[in-house]
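First comes the structure, then the notes that go with it.
The values are calculated or read from the model by the stated rules, or taken from the named source; none is laboratory data. Since we're looking at a predicted model, the values are computed, not measured. Here the Cβ positions follow ideal geometry from the backbone for every residue, glycine too, while neighbour counts run over all protein chains shown.
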Amino acid sequence: MKTVLKNGRILDPAQDLDMVGSLVVEDDQVIEFGAKVDARGADEVIDCTGLWIAPGLVDLHVHLREPGEEHRETIVSGTQSAAAGGYTTICCMPNTNPPLDSPSLIDFIMDRSASPEAGGVFVAPVGALTLGNRGDQLSDLAALKKAGIVAASDEEAPIQSALVMTRAMETCVQLDLPIMAHCEETSLSDGGCMNEGAMSAMLGLKGMPRTSEEIMVMRNCLISLHTGCQLHILRVSTWGAVEMIRQAKYLGAPVTCEICPHHFSLTEDAVGEFNPLFKTTPPLRTQVDIDILLQALSDGTIDCIASDHSPYANYEVQVPFEEAPFGMVGLESVVGVTLTNLTHRGILSPLETVRKLSTAPAQILRLEAGTIKPGDTPVAQVTVIDPELEWTFDVQKTFSKAKNSPFQGMKLKGKAVMTMCGSEIYRDARFDGRRLVSVG
Ligand SMILES: [Zn+2]
């Protein structure tokens, strides 16, 4: 099978490449790209005029909910959702039931994600940093690494003891294993459900202060600095957290961080109608935070964009705001929200947009992804994005089992229209109609 993507804007930050040209995928590999390619014998030539040809997108922060929470999402539905969102590689978080703290569970994830009914994307598991995500005793991280984890995390149950986190980082630096940390000092935030401030006071809801996030970001950055352990900070949300990370990087700490689309697109004002779809941790903050987060995205302090895809069943979110779980789905809205709110507003160039969504996350966890360069990935990972496509996000039409999205009904500009991971794993119907040139 030979497919030619013709006359697109090829964007590959790994090669500092931004050019108009064509790309050839044959027998699951990129074999050639450039201004002129050999299209002879192609089974299909696809006109990509006006479209981006990018490395397959990489999401470091996805909850697939399996094992144990299949009423929310499964590895099959979650990976299909990823493919439709333009992703070819995703990392799945360990806070499942049971948590991913043993090699047999990692084997299970690998097997299920490679099954024929799954979405065809690579799934790189993140292991539980402590047994049962309980925050005290470290998991057998050496065995987990051998089984294939790419990082370790306690995600939504962040380690509160500075001593345990220090031991964890000392261990992980020996194993060359990055730690992904959700930063929350829970003595400050316990029982809270939105950003603490005038808005929470007005609504009569218990707030989660920004200091809860910032103190833990600072603590973890300091332990990283002094142990040398690679630290990736999950979903930053406050200007203070960003300033801590900026300082840690300046001091030479091996620290990176991500942001989620809801944190750069929505403020605490959205909570005003008590809609549980807007409940997340860390909570939606303020416009002042967003202004500085945008600056940090464009100056590189924030390394990448992740979805924190957090599926819940309808009955779990159709409850009073205080009782609702934290989190929202995201895999199929990230590209649209990012292009609409960052690229089309001049915050990120097209090349920098692709860097945040693909190359940078791949480099952070040293995943074989994030570039179209032949031979640098096990198979071709390519995503075609229509940056000008205007569409309305309808979560009911997504592949995810869950429908808890704060972006429902939002008008977006930009969409992933085709995803290839070895072979083609997703094609948008609109793209099929408009762009197909010939089938040999
Ligand atoms: Zn998460």
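I need the full set of residues from the range 131-143 which are surrounded by fewer than 24 Cβ atoms within 10 Å (Cβ to Cβ) and touching a strand residue (DSSP E or B) at 6+ places or on another chain (Cβ under 8 Å), in order please.
Residues satisfying the conditions are Leu131, Asp136, Gln137, Leu138, Leu141.
Please specify each residue of the range 93-108 satisfying the condition of being in a loop (DSSP other than H, G, I, E, B), surrounded by 22 or more Cβ atoms within 10 Å (Cβ to Cβ) and more than 16 Å from the ligand (Cβ to nearest atom).
Across the range 93-108, the qualifying residue is only Asp101.
Could you check Pro361 against (1) more than 16 Å from the ligand (Cβ to nearest atom); (2) of a type outside the set (Val, Ile, Thr); (3) assigned to a helix (DSSP H, G or I) and say which number it fails?
(1)
If you take the residues of the range 306-332 that are within 12 Å of the ligand (Cβ to nearest atom) and surrounded by fewer than 20 Cβ atoms within 10 Å (Cβ to Cβ), which of them is nearest to Glu390 (Cα to Cα)?
So the residue we want is Phe326.
Checking His344 against (1) of a type outside the set (S, T, N, Q); (2) out of contact with any strand residue (DSSP E or B) (no Cβ under 8 Å at 6 or more places or on another chain); (3) surrounded by fewer than 17 Cβ atoms within 10 Å (Cβ to Cβ), only one condition comes out false. Which one?
In the conditions (1) of a type outside the set (S, T, N, Q); (2) out of contact with any strand residue (DSSP E or B) (no Cβ under 8 Å at 6 or more places or on another chain); (3) surrounded by fewer than 17 Cβ atoms within 10 Å (Cβ to Cβ), His344 misses (2) alone.
Kindly provide the set of residues from the range 141-152 that are under 24 Å from the mean Cα position of the chain (by Cα) and over 25 Å from Gly78 (Cα atoms), ordered by number.
Correct list: Leu141 only.
If only one of Gly272, Gly240 is in a helix (DSSP H, G or I), at pLDDT 95 or above and surrounded by fewer than 24 Cβ atoms within 10 Å (Cβ to Cβ), which one is it?
Details: Gly272 fails: at pLDDT 95 or above.
Of Gly272, Gly240, the one residue that is in a helix (DSSP H, G or I), at pLDDT 95 or above and surrounded by fewer than 24 Cβ atoms within 10 Å (Cβ to Cβ) is Gly240.
Which number in (1) over 19 Å from Thr281 (Cβ atoms); (2) of a type in the set (Val, Ile, Thr); (3) surrounded by fewer than 24 Cβ atoms within 10 Å (Cβ to Cβ) marks the one condition that Val335 misses?
Result: Val335 passes all but (3).
Given the conditions (1) within 25 Å of Val334 (Cβ to Cβ); (2) within 16 Å of the ligand (Cβ to nearest atom), which single one is not true for Gly120?
Going through (1) within 25 Å of Val334 (Cβ to Cβ); (2) within 16 Å of the ligand (Cβ to nearest atom) one by one, Gly120 breaks only (2).
Does at least one position in the range 244-259 carry a residue that is part of a helix (DSSP H, G or I) and either within 16 Å of the ligand (Cβ to nearest atom) or of a type in the set (Lys, Arg) (or both)? Quick ask: steps written out before the conclusion?
Looking only at the range 244-259, we keep the residues that are part of a helix (DSSP H, G or I), and these are 244-251.
With either within 16 Å of the ligand (Cβ to nearest atom) or of a type in the set (Lys, Arg) (or both) added as a condition, the list becomes 246, 249.
Taking every residue of the range 244-259 in turn, at least one turns out to be part of a helix (DSSP H, G or I) and either within 16 Å of the ligand (Cβ to nearest atom) or of a type in the set (Lys, Arg) (or both).
Looking at (1) over 30 Å from Arg134 (Cα atoms); (2) among the hydrophobic types (A, V, I, L, M, F, W, C); (3) part of a strand (DSSP E or B), which one does Ile90 not meet, given that it meets all the others?
Condition not satisfied by Ile90: (1).
With the range 132-212 as the region, which helices (runs of 4 or more DSSP H) entirely inside it contain at least 2 residues that are assigned by TED's automatic domain parsing to the domain that holds Ala270, closer than 24 Å to Ala324 by Cβ and among the hydroxyl-bearing types (Ser, Thr, Tyr)?
So the answer is 186-189.
In this structure, is Leu138 more than 22 Å from Gln363 (Cα to Cα) and either within 22 Å of the chain's Cα centre (by Cα) or among the aliphatic types (A, V, I, L, M) (or both)?
yes
For the list (1) surrounded by fewer than 24 Cβ atoms within 10 Å (Cβ to Cβ); (2) of a type outside the set (S, T, N, Q); (3) touching a strand residue (DSSP E or B) at 6+ places or on another chain (Cβ under 9 Å), I need the number of the one condition that Glu69 fails.
Here Glu69 clears every test but (3).
Which condition number does Pro350 fail, the rest of (1) modelled with pLDDT under 95; (2) more than 19 Å from Ile90 (Cβ to Cβ) being met?
That leaves (1) as the condition not met.
For the range 296-305, which positions are crowded, with 18+ Cβ neighbours inside 10 Å, over 20 Å from Pro283 (Cβ atoms) and more than 16 Å from the ligand (Cβ to nearest atom)? Even if it seems obvious, please write down each step before you answer.
Of the residues in the range 296-305, the ones crowded, with 18+ Cβ neighbours inside 10 Å are 296-297, 301-305.
Keeping just the survivors that are over 20 Å from Pro283 (Cβ atoms) gives 301, 303-304.
Thr301, Asp303, listed by residue number.
I'd like the full set of residues that are within 16 Å of the ligand (Cβ to nearest atom) and among the β-branched types (Val, Ile, Thr), limited to the range 157-208.
Of everything in the range 157-208, those that are within 16 Å of the ligand (Cβ to nearest atom) and among the β-branched types (Val, Ile, Thr) turn out to be Ile159, Ile179, Thr186.
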